[in-house]
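The values are calculated or read from the model by the stated rules, or taken from the named source; none is laboratory data. Keep in mind it's a predicted model, so treat the numbers as computed, not measured. Neighbour counts are summed over all protein chains in view; Cβ atoms, including those assigned to glycine, are modelled from backbone coordinates with ideal geometry.
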Amino acid sequence: MGVVHVEAKLRSLKDIVTPYPGERNRNVFFGGKGGVGKTTCAAAAAIWAADNGYKTLIASTDPAHSLAWVLEQKVGDKPTQVKEVKNLDAVQIDPQKLIEEQKEAIRQKIYSLIGPTLSGVEEYIDATAISPGVEEAATFDKFIEYLSLGNYDIIVFDTAPTGHTLRLISLSKVLGEWIENLIDVRKKALEMRKLVSRDIVVKEDEILKGLEDTKRRFETAKSIMTNPRKTTFIFVLIPEWTPILEAKRATKIIEDLGIKVEGVVVNQVLSPELSSIHEFLKSRSEMQLEHLTYIEKEFSGKVIVKVPLLEREVKGVSMLRRISQFMF
Amino acid sequence: MKFSKFKEACKNWFTAVSEVFQGAIGEERFREHAQREAVKFEDLFLLLCFGDIIGLPTPSPYFTLKFLPYVAHELPDFIKRHKFYDTGEMLALWESFM
C-alpha cells in the first residue's frame, strides 16, 4: 500500500472532515471567537457528514449551550439523535454535573473505606470542586472519553471560544508531566516502605494503578490529538481585523502544541450582488475584500472556505444544511 | 600445622561473629534510615497530590481527587505536621517537582 504524504495539498473541507484513508475515525475541532459562527459551522459540518452516510457525533464544550439553540432541540449530557438528521447524535458536556458526580463518588468511596468522612476532608472536597480550572479539567476529562470512542466515524467538537479551547488542549501536556512526577514519587515511597515492612497494604497499589491509568489516558488523548491522520482543527472567523488577529495567534499556539490546523472558514461574507444595492454595503464589501486577501495570504496552505452572510441568523437544521452547501 | 589451622578457624569465627553484630546494628540503622525515607516520600507524595489542602497549589486537583479515599485517614495528621512546620528540605523537594 502506498504511503500517502500527510502534507499533500488539501483541496476541500471534505478531505479534512472525513476519515483519513486507512483510519476508522476522525476528530474535528472547531474553534473561534464567540459570535463568529463557530457553532453554526460545526453543526453544519456535522450535518453534512451525517447526510453523507458517516455516523457522526457533535459534542459541545461551549458553556453557552449555543448548540441546542442552533439545532433547535434539547441537547443533554448523553448523546441523543438529532431530529431530522438520521446519522447524527448531539451531546453537551456539562462540567458542573460531572463535578457533582465525581464529588459524590468520592464521598461514597471514603465512606466505604473508612466510614463517616473526617473533618477537613469534606471541606477539602467542596473547596476543590470550586477551585479555578476545575470546570475545564472536568470538560477535558469527558472529551478524552469521547476521543477514544469507537462507535462514531466522525466526532465534531464545538469548543468554547478561543481562550478555553487553548487551555483545554494545553492541559494534556502539563498534566502528563505532573502525573509522571507523582508516579515517580509514589514508586519511591513504596520502594522505601517495602524495605521497612514485609507486607504492603493493598491500598497503596490502588493509587499507583490509578496514577498509571490516568497517565495512559492523557497519553492516548495527546497522541490522538497530535496525529493529523486522526485529528484536525478548523478555525472560524469573520473578515474583520480583531477576529483575524486572534485566529492567527490561536493557530500558532495550537500548532505549537502539535495539533494541525487545516481549515479556515470565513463566515458572514457579504455577497457581491449586495454591493450594487447601497453605497454602505459596497464600502463594507470592499473592506471585507481587503481582509479576505490578507486571510488568503496568512493562512495559505490551509483550506479556506467562505460562507455568506444570510438574510437571518442561522437557526434550525434546514438553514444549517444551506450553510453546509457553501462549506463543502 | 594444626595450630595455624586453628588460628585460621578462630579468625574466621571472630570475623563471622563481628559481622553478625555489625549486621544487627547496621541493619537497625538501615531500617531507621529506610523508615525516614519512606515517610519523607510518602509525605512528599501527599504534598504534591493534595498540597492544596495546606495552601501549596497543585496543577489540577480534579484528576487526583479520586485518590483521596485512599489517603483520607492520613490527611488530618498530615495537615497537623506540615501546616506550620515545613522544613526547608520538604519545600525544596516539593519545588523541584513542580
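Against the conditions (1) crowded, with 21+ Cβ neighbours inside 10 Å; (2) at the interface with chain B (Cβ under 9 Å from one of its Cβ atoms); (3) over 18 Å from the mean Cα position of the chain (by Cα); (4) at pLDDT 85 or above, residue A:129 satisfies every one except (1).
Let's see how each residue does on (1) exposed (fewer than 15 other Cβ atoms within 10 Å of the Cβ); (2) over 29 Å from residue A:322 (Cβ atoms); (3) touching a Lys or Arg at 6+ places or on another chain (Cβ under 9 Å):
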| position | (1), (2), (3) |
| --- | --- |
| A:221 | no, yes, no |
| A:233 | no, no, yes |
| A:238 | no, no, yes |
| A:245 | yes, yes, no |
| A:259 | no, yes, no |
| A:273 | yes, no, no |
| A:279 | yes, no, no |
| A:294 | yes, no, no |
| A:299 | no, no, yes |
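Does residue A:196 meet the test of being touching a helix residue (DSSP H, G or I) at 6+ places or on another chain (Cβ under 8 Å) and within 12 Å of chain B (Cβ to nearest Cβ)? When the stated conditions are applied, residue A:196 passes them. For region A:111-126, the criterion of being free of Cβ contacts under 8 Å to residues at least 60 places away in the same chain, closer than 30 Å to residue A:27 by Cα and surrounded by fewer than 14 Cβ atoms within 10 Å (Cβ to Cβ) is satisfied by no residue at all. The residue that is surrounded by the fewest Cβ atoms within 10 Å (Cβ to Cβ), among those in region A:28-55 that are farther than 25 Å from residue A:248 by Cα and small (Gly, Ala, Ser), is A:53. Region A:48-143 holds helices (runs of 4 or more DSSP H) entirely within its bounds, and those carrying 3 or more residues that are more than 19 Å from residue A:158 (Cα to Cα) map to A:95-113, A:121-129. The set of residues in region B:30-44 that are more than 25 Å from residue A:172 (Cβ to Cβ) and within 7 Å of chain A (Cβ to nearest Cβ) comprises B:31, B:34, B:35, B:37, B:38, B:41, B:42.
Is it the case that residue B:72 is at the interface with chain A (Cβ under 8 Å from one of its Cβ atoms), within 25 Å of residue A:195 (Cα to Cα) and surrounded by fewer than 19 Cβ atoms within 10 Å (Cβ to Cβ)? It is false that residue B:72 is at the interface with chain A (Cβ under 8 Å from one of its Cβ atoms), within 25 Å of residue A:195 (Cα to Cα) and surrounded by fewer than 19 Cβ atoms within 10 Å (Cβ to Cβ).
When A:153, A:158 are screened for being buried (at least 21 other Cβ atoms within 10 Å of the Cβ), more than 10 Å from chain B (Cβ to nearest Cβ) and modelled with pLDDT of 85 or more, only A:158 passes.
If I filter region B:82-93 for residues that are farther than 18 Å from residue A:130 by Cβ, at the interface with chain A (Cβ under 10 Å from one of its Cβ atoms) and surrounded by fewer than 20 Cβ atoms within 10 Å (Cβ to Cβ), do I get at least one hit? Checked region B:82-93: at least one residue is farther than 18 Å from residue A:130 by Cβ, at the interface with chain A (Cβ under 10 Å from one of its Cβ atoms) and surrounded by fewer than 20 Cβ atoms within 10 Å (Cβ to Cβ).
Screening A:175, A:147, A:208, A:168 for residues that are more than 9 Å from chain B (Cβ to nearest Cβ), closer than 30 Å to residue A:260 by Cβ and modelled with pLDDT of 80 or more leaves exactly one candidate, A:147.
Of all residues in region A:8-20, those satisfying the criterion of being modelled with pLDDT of 90 or more and farther than 16 Å from residue A:327 by Cβ are A:19, A:20. Just one of the listed residues (B:56, B:47) is part of a helix (DSSP H, G or I) and more than 8 Å from every other protein chain (Cβ to nearest Cβ), and it is B:47.
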